1. List every residue pair whose Cβ atoms lie under 6 Å apart, where the two residues are 6 or more positions apart in sequence or sit on different chains, the first residue falls within the range 23-48 and is among the aromatic types (Phe, Trp, Tyr), and the second residue, located anywhere, is open to solvent by less than 30 Å² (accessible area, probe 1.4 Å).
2. What strands (runs of 3 or more DSSP E) lie completely within the range 1-70 and have 1 or more residues being of a type in the set (Phe, Trp, Tyr)?
3. Among the residues of the range 158-200, which ones are at pLDDT 85 or above and among the polar types (S, T, N, Q)?
4. I'd like to verify a number: residues in the range 363-396 that are modelled with pLDDT under 55, touching an Asp or Glu at 6+ places or on another chain (Cβ under 9 Å) and open to solvent by 50 Å² or more (accessible area, probe 1.4 Å), how many?
5. Here are the criteria: (1) at pLDDT below 90; (2) under 15 Å from residue 10 (Cα atoms); (3) outside any helix (DSSP H, G or I). Tell me which single one residue 85 does not satisfy.
6. Applying the selection to the range 234-278, what residues are open to solvent by 30 Å² or more (accessible area, probe 1.4 Å), in contact with a Ser or Thr (Cβ under 9 Å, 6 or more places away or on another chain) and within 30 Å of residue 111 (Cα to Cα)?
7. Out of (1) over 23 Å from residue 88 (Cα atoms); (2) buried (at least 16 other Cβ atoms within 10 Å of the Cβ), the odd one out for residue 4 is which?
8. Within the range 88-127, how many residues turn out to be modelled with pLDDT of 80 or more, open to solvent by less than 50 Å² (accessible area, probe 1.4 Å), polar (S, T, N, Q) and not in a loop (DSSP other than H, G, I, E, B)?
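The values are calculated or read from the model by the stated rules, or taken from the named source; none is laboratory data. Please read all numbers here as calculations on a predicted model, not as lab measurements. Here the Cβ positions follow ideal geometry from the backbone for every residue, glycine too, while neighbour counts run over all protein chains shown. These accessible areas exclude ligands, DNA and RNA; they are computed on the full protein's heavy atoms, side chains included. Shrake-Rupley method; radii C 1.70, N 1.55, O 1.52, S 1.80 Å.
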Amino acid sequence: MEDQRIQLAFASADAGYVRRVVDYVRDSPYADRWQLTAFTNGAALRHYLRGGFPVDMVAADAGMRVELEAAGEWPAVPVAALYENIGEIVPPEARAVQRLQPLPQLFHALYGLYAERSMMRRPVAGASGPVIAAVYAASGGVGKTTLAVHLAHQSALSGIRTFYLNLETWNASDVWLGGGDETAGQPDGFAQLLYTLQSSPEQASSRLAACCRSDAVMRFDYFEPCRNPEERMALQPGAANQLIDAIAGSGLYGLIVIDMDEGADALHMAVFERCSHLFYVEDGSMASIRKTERFLSYGRDRWGEVFQGIERKMVLVRRMPAVALKGAADGALRNDAVGIGRVPVRQPMIHGIPYIEAWRTRGDGRLLPSTRYRSMVERLLQATGIGSDETGPKGQMPC
């Protein structure tokens, strides 16, 4: 497969710093996104740029930038000006990026600059763009977000570039993702992109990379939870579809996984209509089945033909109860045509998503994926066709 990594010329007179950056990228998932050529000497950098070697972007400290300007050899590609002190002079052709910051944040900032300045577009498979899958449950506590995060994680591991979009009012996905308190001083990417959609909608797709984050463990892109929940509470169906369209229109992703909270209002229906797959999660308990009955009955009565179309793309996923795990065989993913309580369903139900007790009892610290759960999710992706070769783009560690 053609190498689609970003060719980055990274230049700094600080040899120790350059070595740390190179070692970090080489030994991390970021090697799937970046191809680094490092320089500690200005003459070597200029010679490389003159030589016609592939360069998509340059990141250079102050000394290196001065040499490029003095020689009249400023690159025609996006340039990140690595700065150390606030107020450091940066050429108007470059974008200031703080040099001394955690390396994941550094490369996230570099990727945001590259995507914005280059207006990067990679073709997605088919005219319809990426696969869009929503995950929903009418009952809380059945493992909806767990499934959504693992769908995104497993698809990313398989090589599909994936965006995880959490549209819950109370977004707690940060228990799975890096961030939380350490990002408290950073801009609210979700709110920023919504503002861009209102003020300059034509720039939303190109601004996406600067607004989102990526996680080196889960290997997909996402927005940090909203700092102001009213941003999510005020979200209207049209704006939600604009947001989804901006992510899909970026050309960066082969799969978008949308994590929805409980409800069955116009916003939910708009998102469900926009999706190609709707994973409905329940756990087989009496309460969960009863809520599912009422959700299906309400949807059919209230939304009529719209809901009938949504049901045709619904995949019912039953999480195994904890007591059933002792007698369950590994790999016991079953696909049965069944009903939910007293309401017949129009799609098969997939059984076998496991209950992981450790996730319930874990204290502080982020949750980590389970190998057993991942195996079941991989089968689920294959069963629904999302893991097929036609899903693209592939081959990235985003941002």
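1. Sorted first by the residue in the range 23-48, then by its partner, the pairs are 30/107; 30/397; 34/6; 34/8; 34/25; 39/11; 39/45.
2. On the way: elements: 6-11, 34-39, 57-60.
Qualifying strands (runs of 3 or more DSSP E): 6-11, 34-39.
3. 158, 162, 166, 169, 171, 173, 192, 196, 198, 199, 200
4. Number satisfying all stated conditions: 0.
5. Residue 85 satisfies all of (1) at pLDDT below 90; (2) under 15 Å from residue 10 (Cα atoms); (3) outside any helix (DSSP H, G or I) except (2).
6. Scanning the range 234-278 gives 245, 249, 276, 277.
7. Unmet condition: (2).
8. 1
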